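Notes for the one structure printed next.
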Amino acid sequence: MHLQINNEYDKLEAVLVHRPGKEIDRLTHDCMQRFLFEDVPYLRRMQDEHDAFVSVMRERGISVVYLENFLLDLMRDDASRRILIDQVCSAEAVPAIAKDLQDTRTFSPEALVDIMFAGLTAGEYNAAIGRQSAVNVDEAHFLLPPVPNAYFSRDPAVVVRDSVISSKMHYLERVRETLLVRAVLEHHAEFSDEAVTFGGTHTPGEDRPYTIEGGDVLILSEEVVLIGASERTRSETIELLAGKLLKNGTIKRIYEIPIPSQRAFMHLDTVFTILDRGRVLWFPQVMKGLSGVHRYEAEGTSHEMTVRRVAETRLFEDILRDEFGTALTAIDTGGGSEHFAPREQRMDGTNALAIAPRVAITYERNERTIEAMEAAGVECIRIEGSELVRGLGGPRCMTMPLRRSSPTPPK
C-alpha cells in the first residue's frame, strides 16, 4: 500500500474507513456527551448509510479498506497483538487486564477487535475469564470504554505526501483511535515501508499536551499544508510539526489558520475544504476576511536549518490566491444565506470529500450548499447521512485518504 497525498482534490485512489459497529450501541443519553455525541444514533440505519457511502466510492474506482480488517490481522500475530494490547491497557490505566486479554483461548482475535472499538465492562471481563477479577468496580463499569467516534477515520492520522502524521487527540475519549491506526501503520505488512514522521511510538516529546487532529490538516499542494489552530489542535503542536515537515523536506510552507475554539467549529475542515485548484468551499462567517494567519518556513541549509514563524499580513483568501497561483472561487456554505449557512455548517455541509477535481461527496440534506457548489461547476455526489451526522462529521471526516493520483497540472 503505497501512500501518497499531494493535495486535497486529485483523483482519490485508496482510502481507509471504519464501519460503525457495536461501539455505537454503547451510547445512552446519559453518556453521549462524554463521548462527544449530540444524540444517540440508530446503528442499523447508520451502517446502511455508511455502506452506501463506501459503495459510492467503490463505484468511482476508489479502493476502500477497513481499519477493522487490518486490526484483525494484527490480533492474529502474537507479537503485534501483545504490543497493541499493552499500549491500550496502559493508556486506559488498566494494565492488570492485559495478560488475560493476551490469552487467545479466552479472547479470540475477532473478539479482541470488537473490544478495541466497543470497549469492555467489568461484568463482561469477569464472565470471559470465569472468575471475579482483581479490579474492584461495578460490573457495568467500563474497564475499556468504547470509541464511538472511530468512524471518523480522518482524525487519527494524516498522510502528507509520502509521510504520516499520527495524531494526538484532544479528548481522552478518542486517544485509543490513534493507537489503533498507528499500530496498523507501524506493524501491518501493507504499511511496513511507510514512515510515521510525527507521533510514532518511539518519538518522545510529541505526546500530550501537543494535541493535533486530522480534521485540522489540509494539503493544499506538494509544497503547502494548512493546519487549523482550533478547539482540538494547539498552536504549539503546529510549530513542533512544522519543524519536522520542513526540516525533512516534506513540504516548504505551513500556514497556521486560527478558527474559533468552539465545538461547532471543532476542526478546520468543518468550515473549509478544497474542491479543486483555486476552488474552495467555506463557511463565510468564519473564513471570509480571516486574518491572524501565521506562516512557517525553513531558513538556512540542510545542515544548519531553522524554522521561522511569520505573522501574515495577507488575508486568508489572498494567501489562497497566491498559493494556488490562480483566481479563487470561494463557495459559501448554504449559498451564503444568513439563515441556512449556519444550519448547514452544523450538518457538515462544508465537510465535503473531493474524490477528483470538482467532484465531491456530500450529505444530500445540505441542499443550498449543493446548489451553490453545482452553480460553481462542482459535481456533487449525494449520500444520506441522517444517522451518520449525529456524531458531527461529514464525508471528509469519515475517510483517511491513503493515495491520490499524480498532481493535476495547472490549468
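The values are calculated or read from the model by the stated rules, or taken from the named source; none is laboratory data. Predicted, not measured: the structure shown is a model, and the values here were computed from it. Cβ atoms come from the backbone with ideal geometry, glycine included; neighbour counts cover every protein chain shown.
Residues are listed down the side, and each one gets a yes or a no for (1) among the aliphatic types (A, V, I, L, M); (2) at pLDDT 95 or above; (3) surrounded by 15 or more Cβ atoms within 10 Å (Cβ to Cβ):
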position	(1), (2), (3)
9	no, yes, yes
54	yes, yes, yes
63	no, yes, no
82	no, yes, no
88	yes, yes, yes
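What residue, among those in the stretch 377-406 that are part of a strand (DSSP E or B) and not basic (Lys, Arg), is farthest from residue 153 (Cα to Cα)?
Step one: list which residues in the stretch 377-406 are part of a strand (DSSP E or B), which gives 379-383, 400-404.
Pick out the ones that are also not basic (Lys, Arg) and you get 379-381, 383, 400-402.
Details: 379: 24, 380: 22, 381: 20, 383: 18, 400: 5, 401: 9, 402: 11 Å.
Ranking the qualifying residues of the stretch 377-406, first place goes to 379.
Condition test on residue 391, is it of a type in the set (Gly, Ala, Ser), surrounded by 18 or more Cβ atoms within 10 Å (Cβ to Cβ) and either touching a residue at least 60 places away in the same chain (Cβ under 8 Å) or not assigned by TED's automatic domain parsing to the domain that holds residue 295 (or both)? Break it down into steps so the answer makes sense when it comes.
Values: of a type in the set (Gly, Ala, Ser): yes; surrounded by 18 or more Cβ atoms within 10 Å (Cβ to Cβ): yes; either touching a residue at least 60 places away in the same chain (Cβ under 8 Å) or not assigned by TED's automatic domain parsing to the domain that holds residue 295 (or both): yes.
The answer is yes for residue 391.
I'd like the full set of residues that are crowded, with 16+ Cβ neighbours inside 10 Å and either farther than 28 Å from residue 167 by Cβ or not assigned by TED's automatic domain parsing to the domain that holds residue 266 (or both), limited to the stretch 366-383. If you could, list the steps in order and put the result at the bottom.
Residues of the stretch 366-383 that are crowded, with 16+ Cβ neighbours inside 10 Å, as a first pass: 366, 368-370, 372-373, 376, 378, 380-381, 383.
Selection gives 368, 370, 372, 373, 376, 378, 380.
So in the stretch 329-361, with the set limited to residues that are basic (Lys, Arg) and assigned to a helix (DSSP H, G or I), which one is farthest from residue 58 (Cα to Cα)? Spell out the reasoning first.
Of the residues in the stretch 329-361, the ones basic (Lys, Arg) are 343, 346, 358.
Now narrow it down to the ones that are assigned to a helix (DSSP H, G or I): 343, 346.
On the way: 343: 30, 346: 27 Å.
Filtering first and then ranking leaves 343.
I want to confirm something. Restricting to the stretch 200-222 and keeping residues that are among the hydroxyl-bearing types (Ser, Thr, Tyr) and in contact with a helix residue (DSSP H, G or I) (Cβ under 7 Å, 6 or more places away or on another chain), which single residue is farthest from residue 259 (Cα to Cα)? Give the steps one after another, and end with the answer.
Within the stretch 200-222, the subset among the hydroxyl-bearing types (Ser, Thr, Tyr) is 201, 203, 210-211, 221.
If we keep only those that are in contact with a helix residue (DSSP H, G or I) (Cβ under 7 Å, 6 or more places away or on another chain) as well, we get 201, 210-211, 221.
Details: 201: 30, 210: 18, 211: 16, 221: 21 Å.
Restricting to residues being among the hydroxyl-bearing types (Ser, Thr, Tyr) and in contact with a helix residue (DSSP H, G or I) (Cβ under 7 Å, 6 or more places away or on another chain), the top hit is 201.
Quick one: in the stretch 160-196, of everything that is among the polar types (S, T, N, Q) and over 18 Å from residue 73 (Cβ atoms), which residue is surrounded by the most Cβ atoms within 10 Å (Cβ to Cβ)? I'd like the intermediate steps shown before the answer.
Going through the stretch 160-196, the residues among the polar types (S, T, N, Q) turn out to be 163, 166-167, 178, 192.
Next cut, over 18 Å from residue 73 (Cβ atoms) only: 163, 166-167, 178.
Details: 163: 21, 166: 23, 167: 28, 178: 20.
My answer is 167.
Quickly run through the stretch 248-289 and pick out the residues that are among the β-branched types (Val, Ile, Thr) and assigned to a strand (DSSP E or B).
From the stretch 248-289, those among the β-branched types (Val, Ile, Thr) are 250-251, 254, 257, 259, 270-271, 273-274, 280, 286; that's our starting set.
Hits for the stretch 248-289 are 254, 257, 273, 274, 280.
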